[in-house]
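Undergrad: Okay, handing you the structure first.
Just so it is clear, none of the values below were taken in a lab; they were calculated from the coordinates. Values in this document were obtained by computation on a predicted structure and should not be read as measured data. Cβ coordinates were reconstructed from backbone atoms using ideal geometry, including for glycine residues, and neighbour counts include every protein chain displayed.
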Amino acid sequence: MSVMAGALVALTWLGAAGARQDFDGRVQAARTALVKDLEGYAAWCQSKDLFLEKQKAWEFVLTLDPEHAEARKGLGFTRAKDGTWKAPVKPKIPKNFDKGDLAEAPARLQAATAGYVGAMVALLEGGGLSPQQEERAAAEALRYDPDNAAVHGKLGDVRGEKGWVLPETVRAKARREEMRGFVKKALEEGPAPAPVPLLEREKKIPLSMKAVATPSLRVVGTVPEEELLHAAQAVQGIERLLQLACNTDHRLPNGATVFLLADPAEKTALIDNHPAITPEQRAWYLPLEGAGIQGTADFAFWTGDESRKIDGVVRLVLGYLMSGAYEITVAQGWAYEGFGLVLTRSLVRTRMTWLAQPSAVLDAKADFALRQRLIEPETNWMDEAHQLLAAPQPPKVAELLKKSANQLTTEDVLLTYALATYLLEAQAEDVGQVLSRAGTGAGAMAVQQAVDMDLDAFELHLRRWLSERN
């Protein structure tokens, strides 16, 4: 069959109205036509002594028709009596001998695949496909014609520094630079904390404590003074970073206080003597690593080294701020955990405080391995999220948006991190509105409107964005 005949067969089968239910059959018909055209190209390569190009053509054919006898034989396979193919023990490395005709080979190959590419474009332009079918048709077309403007136009791609990419990939790169500026500003522009005397209520707690303060914030505790100063800077910083990154003017009330304890054993003295903690509440606080004191703007953390305490306090304060600014609580697990982790990581370079239940998909060993990777400071969570979404059974965004923080699995937490990063970097103008609507219970609708696609399509979109992000 000629190249033009192959194109005609494909385009006849794959008219402009490719229906979703006929997709697999139509793609298979186009693949059959493509195999015929590649057979013709391989014959041309043979006639021109371009044996390496012929081998590449047969390798192409086997990806389309694994049982293609001529391609198998051409690649040195032998057939056993039971019908199975055996690969050559020492594959030959063929050569191209006619350098003049070699220059013509790319155009010949492009002509051989043109019908198939056109068929995939027709499917895309015909509409009616599922997001998964659109992704497959586009990938098939770009496999043979990576620079096809029609396909990239259908995908909404733009030309970036490394070829065709999503518009969000370009936007996100600029936004990351802006976010770095926000972090610098958040850490530098607040008033410097300084040592101050203890207040009367603090003196009633039977611990040897010191205090530092700014005009609106106090940090009190048994840890070294330098750690108190670092914590004050971090708490001020997370307040300002949330304002800059998420377009809010919400802030901590004057007199907000952070308690940092050097030894977890000291928590009993704090819990027993804090005026806002009732006797009935004390048992609830004791097992915790730290907590916000209910009904106050007081926060306490008593677990781990300095980095762990500051990470934990920043998460507590950020949760308080997001509740006040957007009504985001643990009920909106994806936003509470995702934005909490991303903004904390941006400011203090750690992400030590997160909730996760055992995986519903991974076995216990795999789940533990994933947790251990995520705990390691050098682990790239965005790479891990990309691998997660490329897995056979990734967590579903639509289901994720329904869960509280206490219901999130390890994979869910990773996906919340990727989703929050995407919204902060790629949909920056809509972040505040998305959070506000999520706080009212309309998180799924808010995310859909921000990304302008249904959530099934967005999962594929997010996976691609993650692949392009670095």
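Undergrad: Based on DSSP loop calls and a cut-off of at most 11 other Cβ atoms within 10 Å, the longest stretch of the chain free of exposed trypsin sites (Lys or Arg not before Pro) is what?
TA: 205-348
Undergrad: Given the -39500 (n - 2.57) contribution per DSSP H run of 4+ residues, what per-residue ellipticity at 222 nm results for the chain, rounded to the nearest 500 deg cm²/dmol?
TA: -18500 deg cm²/dmol
Undergrad: Rounded to the nearest 0.05, what FRET efficiency do VAL158 and GLU178 give with R0 = 22 Å and r taken as the Cβ-Cβ distance? Could you check?
TA: That pair, VAL158 with GLU178, gives E of 0.70.
Undergrad: With 10 angstrom as the radius, rank SER436, SER130 by how many other C-beta atoms surround their C-beta, starting from the fewest.
TA: By the 10 Å Cβ count, ascending, the order reads SER130, SER436.
Undergrad: Against the longest alpha carbon principal axis of the chain, how many degrees, from 0 to 90 and to the nearest 10, is the axis of helix 333-348 turned?
TA: Long axis of 333-348 versus the principal axis of the chain: about 80 degrees.
Undergrad: If amide hydrogens are placed 1.01 Å from N in the peptide plane, which non-local residues have theirs closer than 5 Å to the one on LEU217?
TA: Amide H neighbours of LEU217, under 5 Å, 5+ apart: GLY255.
Undergrad: A follow-up question, please. When DSSP beta bridges are limited to those with both residues in the chain, what percentage is antiparallel, rounded to the nearest 5?
TA: Working: 16 of 26 bridges.
So the antiparallel bridges in the chain amount to around 60 percent.
Undergrad: Show which aspartates and glutamates lie in cross-link reach of LYS210 when reach means a straight Cα distance below 15 angstrom and same-chain residues fewer than eight apart are skipped.
TA: Those aspartates and glutamates meeting the cut-off are GLU200, GLU202, GLU225, GLU226, GLU227, ASP263, GLU266.
Undergrad: Additional query: In which sequence would VAL219, VAL212 go, from the one with the fewest C-beta neighbours within 10 Å to the one with the most?
TA: By the 10 Å Cβ count, ascending: VAL212, VAL219.
Undergrad: Can you list which of the GluC sites (Glu not before Pro) found in region 154-192 are DSSP loop residues with at most 15 other C-beta atoms within 10 Å?
TA: Sparse-neighbourhood loop GluC sites (Glu not before Pro): GLU161, GLU189.
Undergrad: How much net charge surrounds LEU129 when only other residues with a Cβ under 14 Å from its Cβ are counted (Lys, Arg +1; Asp, Glu -1)?
TA: Value of the local net charge: -4.
Undergrad: Are there any GluC sites (Glu not before Pro) in region 363-470 that are in a DSSP loop and have at most 15 other Cβ atoms within 10 Å? List them by number.
TA: GLU378
Undergrad: Which of SER307, SER208 comes first, and how do the rest follow, when ranked by fewest Cβ neighbours within 10 Å?
TA: In order of increasing Cβ crowding within 10 Å: SER208, SER307.
Undergrad: Just one of [x] 29.8, 96; [y] 21.5, 69; [z] 23.5, 74 is Rg and Dmax of the Cα atoms in Å calculated from these coordinates, so which is it?
TA: Only one option fits the structure, namely [x].
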